[in-house]
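The values are calculated or read from the model by the stated rules, or taken from the named source; none is laboratory data. Here the structure is a predicted model, which is why all the values come from computation and not from measurement. Quick reminder, even Gly has a Cβ in these numbers, built from the backbone with ideal geometry, and neighbours come from all protein chains shown. These area figures cover heavy atoms from the full protein model, side chains too; ligands, DNA and RNA do not enter into them. Shrake-Rupley method; radii C 1.70, N 1.55, O 1.52, S 1.80 Å.
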Amino acid sequence: MELKIGGKIMELRKSKGMTQEQLAGALGVSAPAVSKWETDSSYPDITLLCPLARALGTDVDSLLAFEEELSEEALRRHMTDIIGKAGKGSISEAEVQLNRLLRLYPSNVSLKFSAVAALTFFEMNDSACSKEDRDRRTRLKKKLCQEVHDSGNQAFFLPSVSMLVSLALEENELERAEELLKEAPAGAGDFTPLWVRLYLIKGERDKALGTVQRELYSLVGKVQTCLTSMLGEGMDLAQEKRIEVCNVLQQMEESFHVGGGLAVSVLAEVYLREQDTERALDYLERMSERLTRQQEPPNPLLFAPEIAPGPEKLKWSREFRQVILQGLKQDACFEPLRGNERFQTLVSRLAESMAEGRQEEN
């Protein structure tokens, strides 16, 4: 995309930390005149081009040059070449090539984002890197990350936040790091490691641990949902694979105490599909027995106390048990079991526990 001269003037002015008034004063024109240049409402007089370029730290050719478009394919080729050179030890040559690209395409967000990764690669592979080189690269990375962040390009917003936070933490700019982390919407991207680093640097170990524990709790729930989805009829997994998945699900429940211990109901359904009624009944009995007692709280070794629900929430609600009981009595999949004595017993036991619970509440 072409860069108009107004946008070029504004970009260079801001990069030098100048206001429109300061630039106007340096050129002997009014601030409204500079404003009109930057909005392309008018253009600087030809006699002002050299002073304008000097004030902005550039040359007339660069000021008037339009930026050619850099395709994603071309960018990939350039970056592959740059990283290849650096990997072979020609880091100086690779860095010169990268800086040339940045000068040629000063508004290309993809290039800036890729350049940050390349600069990090240079640092990792430059055994002779001096402190001056590291500081120079760090300054450039911060500048590029900030420009990507400020570009408004949503594809790079969260990654740029992550990179800026990492750079801020490296320089112990803790307030800046926290401000940036708060920009990320809840649930967008995995910023947990960065929050943990921040809390540990601040000496807030309890907050660091709690952050990890809350993230673990959320991830366990997501994994269990994925495992349960794998067992859907449309997935067409072989019997032995379904049982393996069920066993993993059950092991997770036993380790984390999350999920209510109802993996057994999933196992029962798996065996019912295979017409293995005895094993299906084994798991249905275990399910019925669990529904008559209180759930286990999340494993206190792994999860923060505030994650654990209160005693009332650990009880199976009457509504939930009613749904299970009704399903056992009416769902077509259980029809082959309804004449079985073991099945009738577990249904009766579940119904009795609900009646007892109702009497206790009254």
Computed about the Cα centre, the charge dipole of segment 97-182 from +1 Lys/Arg and -1 Asp/Glu charges at the Cβ has a magnitude in debye, to the nearest 20, of 400 debye
Scan segment 53-126 for chymotrypsin sites (Phe, Trp or Tyr not before Pro) in coil per DSSP, keeping those whose Cβ has at most 15 other Cβ atoms within 10 Å, and list them by number.
-> Phe66
About the Cα centre of the chain, what is the dipole size in debye to 20, counting +1 per Lys and Arg Cβ and -1 per Asp and Glu Cβ, all else neutral?
-> 720 debye
State the Cα centre-to-centre distance between segment 225-276 and segment 127-145 in whole Å.
-> 52 Å
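Quick check on the chain: what does the Kirkwood estimate of hydrodynamic radius come out to from the alpha carbon pairs, in Å?
26.6 Å
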Which whole-Hz ³J(HN,Hα) couplings does segment 100-105 yield from phi under the Karplus relation 6.51 cos²θ - 1.76 cosθ + 1.60, θ = phi - 60°, glycine and proline marked x?
-> 5, 4, 5, 6, 6, 10
Accessible area per residue in Å² at 1.4 Å probe, computed on segment 314-354 = 59 Å²
Carbon and sulfur atoms: what percent of the 1.4 Å accessible area of the chain do they account for?
-> 52 percent
Take a quick pass over segment 130-245 and tell me how many lysine pairs come in under 19 angstrom between Cα atoms, counting only ones 8 or more apart or on separate chains.
-> 6
Picking from Leu52, Val196, Ala268, whose Cα lies most toward the positive end of the charge dipole for the chain (charges on Cβ: Lys, Arg +1; Asp, Glu -1)?
-> Leu52
What does the charge dipole of segment 266-310 about its Cα centre add up to, to the nearest 20 debye, if the Cβ of each Lys and Arg holds +1 and the Cβ of each Asp and Glu holds -1?
-> 120 debye
Separation of alpha-carbon centers, segment 158-173 and segment 74-99, rounded to whole Å = 24 Å
How about Lys36: which aspartates and glutamates have a C-alpha closer than 17 Å to its C-alpha, ignoring those fewer than 8 places off in the same chain?
-> Glu11, Glu21, Asp45
